[in-house]
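Report on the structure given below.
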Amino acid sequence: MPNLKDIKNRIASIKNTGKITRAMKMVSASKLKRAQLTMTQTRPYVRGIDAMTTSILRGVERESHPLLLKREVNAVEVLVISSDKGLCGAYNTNILKAAASFIEESKKKGLNIGVNTIGKKAKDYFSRRGMSPRYSWTGFSRDVIYGEIEEIGSKIIEDYINGVFDEFYLFYNEFKSVMVQEPSQARVLPMSTDLGSDEGKEAGNDFIYEPSKDTILNRLLPKSVITQIFSAVTEARTSEEAARMVAMENATKNSSEMIDKLTLEYNKARQASITAELMDIVGGAAAIG
Amino acid sequence: MEKVLKLNIVTPYGQVMEDEVDEVISPGTEGEFGVLPGHVPFVTTLNVGTLTYKKDGRIGRVFINSGYAEVDYNRVLILSDSAEKSEDIDLERVEAAKKRAESRLNEVRELKDAGGSIDFVRARAALTRSVIRIKTTENKR
């Protein structure tokens with residue numbers, strides 16, 4: 001039977017851990033609110049860019065812009081969005097697993113794979129496996145800034161146009177709800193936008209484009225790609241805080257359960273020691289009397 | 001046909017304004033353009049500049065940091081990297097930003113082939129933005 005002091009120490013240490021996880025849960029809850037707000041505020045813009053792109057692309061030939069053109073696939077590039085910090089349950093594990101199995105499969109097909117990462121966890125994970133990321137960005141565990149994503153996106157677009165790779169995939173945790181985040185895979189390049197049917201072609205011609213359709217296309221398509229990445233990052237951020245909040249809530253619950261169990265054990269041990277002492281006294285008294 | 005325009009300005013950080021107005025004048029890359037209700041469908045790119053709108057005889061101004069405009073009869077949709085209503089612009093901060101950009105520009109100018117360097121282009125763009133922000137607030141009527 002463990003002695004009383006040991007149990008007492010354990011209870012004290014678990015209480016402390018519980019305090020920390022409870023505080024972290026509260027911090028995550030407020031960060032989650034902020035991230036969720038950013039995500040919802042982003043939506044009208046994302047939808048707007050999407051709608052504009054779709055309407056401009058009506059009747060456009062795939063050959064007319066490198067971002068639309070499907071090439072023979074020899075090299076594939078992935079961007080994995082993870083978190084900088086841990087203690088967020090299966091958040092990173094899930095997305096890294098999804099990306100790793102995709103990479104494995106592509107390798108089997110004999111494709112060249114390039115890895116890019118956002119967040120420290122993904123960078124460490126791939127570096128450990130001997131696939132050092134081509135580009136890696138960290139420091140996104142806070143507000144997502146459009147300008148920073150623009151830099152990331154521009155680099156990727158530039159490399160794509162220069163033929164460094166033929167397809168570009170995005171891996172991030174999709175935010176379904178506070179309880180559910182799903183690893184998600186999206187092909188960003190070449191752009192998969194539906195070019196519309198003949199019917200759409202005529203509707204698309206109604207617009208006047210100034211300076212010209214091509215000029216607008218040249219500016220809008222990269223923008224659309226960047227916006228897609230931006231929206232994925234804001235979503236991943238929200239998922240991260242949600243995952244952390246849930247993980248910390250579970251940890252807090254576990255710690256109070258453990259404290260209950262240990263308190264019971266402590267009381268039992270105390271009772272046993274009192275009984276033993278009483279037996280001693282009674283035994284002693286009997287010996288004297 | 002209705003005689004109002006629905007003006008909607010959206011940035012990655014949220015909707016800056018949504019209102020029914022009588023007229024919009026916007027900074028296009030090909031020069032300023034005006035939109036009245038019933039305008040023909042029209043898409044264009046935008047420069048950094050000031051968007052002006054009229055509503056009930058009053059004039060409102062919004063700073064626009066490039067982007068796109070889609071006009072569809074009675075609807076004007078502006079998708080911009082960032083936008084601020086003139087009354088939301090913090091002049092003190094903009095003045096500080098302008099000073100920063102100016103000193104940065106002077107620093108970069110000393111270097112070789114300044115005209116083409118990224119730093120130069122960035123600093124100049126930052127300066128343009130702050131100057132136009134200030135202009136946006138100055139023209140309050």
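The values are calculated or read from the model by the stated rules, or taken from the named source; none is laboratory data. All figures in this text were calculated on a predicted structure; none of them were measured in a lab. With ideal geometry, Cβ positions are generated from the backbone for all residues, glycine too; neighbour counts draw on all protein chains shown. Accessible surface areas use protein heavy atoms only, side chains included; no ligands, DNA or RNA. Shrake-Rupley method; radii C 1.70, N 1.55, O 1.52, S 1.80 Å.
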Check: In this structure, is A:Arg10 over 30 Å from A:Asn116 (Cα atoms), within 14 Å of another protein chain (Cβ to nearest Cβ) and either open to solvent by 30 Å² or more (accessible area, probe 1.4 Å) or at pLDDT 90 or above (or both)?
Finding: no
Notebook entry, point to check: How about the stretch A:184-211: which of its residues are touching a strand residue (DSSP E or B) at 6+ places or on another chain (Cβ under 6 Å) and either at pLDDT below 75 or away from chain B (no Cβ under 14 Å) (or both)?
Noted result: A:Ser184, A:Gln185, A:Ala186, A:Arg187, A:Val188, A:Leu189, A:Asp206
Next item on the list: Test each condition in (1) more than 12 Å from the chain's Cα centre (by Cα); (2) within 14 Å of another protein chain (Cβ to nearest Cβ); (3) touching a residue at least 12 places away in the same chain (Cβ under 8 Å) for B:Thr45 and report the one that comes out false.
Entry: (1)
Note to self: Condition first: open to solvent by 50 Å² or more (accessible area, probe 1.4 Å), assigned to a loop (DSSP other than H, G, I, E, B) and over 21 Å from A:Thr42 (Cβ atoms). Now tell me which residues in the stretch B:3-50 satisfy that.
What the structure shows: B:Lys3, B:Asp22, B:Glu30, B:Leu36
Margin query: Given the criterion within 14 Å of chain B (Cβ to nearest Cβ) and within 18 Å of the chain's Cα centre (by Cα), identify the matching residue among A:Leu96, A:Leu87, A:Leu37, A:Leu57.
Written below: A:Leu37
Next item on the list: Determine which single condition B:Leu77 fails, assuming it passes every other condition in (1) in a helix (DSSP H, G or I); (2) touching an Asp or Glu at 6+ places or on another chain (Cβ under 6 Å).
Entry: (1)
Checklist line | Lone unmet requirement of (1) surrounded by fewer than 21 Cβ atoms within 10 Å (Cβ to Cβ); (2) modelled with pLDDT of 80 or more; (3) more than 12 Å from chain B (Cβ to nearest Cβ) for A:Ala232 | finding: (1)
Notebook entry, point to check: Got a number for residues in the stretch A:49-102 being part of a helix (DSSP H, G or I), free of Cβ contacts under 8 Å to residues at least 60 places away in the same chain and either open to solvent by 30 Å² or more (accessible area, probe 1.4 Å) or among the acidic types (Asp, Glu) (or both)?
Noted result: 4
Check: Is at least one residue of the stretch A:276-289 surrounded by 21 or more Cβ atoms within 10 Å (Cβ to Cβ) and either out of contact with any helix residue (DSSP H, G or I) (no Cβ under 9 Å at 6 or more places or on another chain) or at pLDDT 90 or above (or both)?
Finding: no
Notebook entry, point to check: Looking at the stretch B:51-110, which of its residues are away from chain A (no Cβ under 14 Å), of a type in the set (Asp, Glu) and surrounded by 20 or more Cβ atoms within 10 Å (Cβ to Cβ)?
Noted result: B:Glu84
Next item on the list: For the stretch A:214-248, enumerate the residues that are out of contact with any helix residue (DSSP H, G or I) (no Cβ under 7 Å at 6 or more places or on another chain) and basic (Lys, Arg).
Entry: A:Arg219
Checklist line | Residue match in the stretch B:62-73 (condition: over 24 Å from A:Gly147 (Cβ atoms) and touching a strand residue (DSSP E or B) at 6+ places or on another chain (Cβ under 6 Å)) | finding: yes
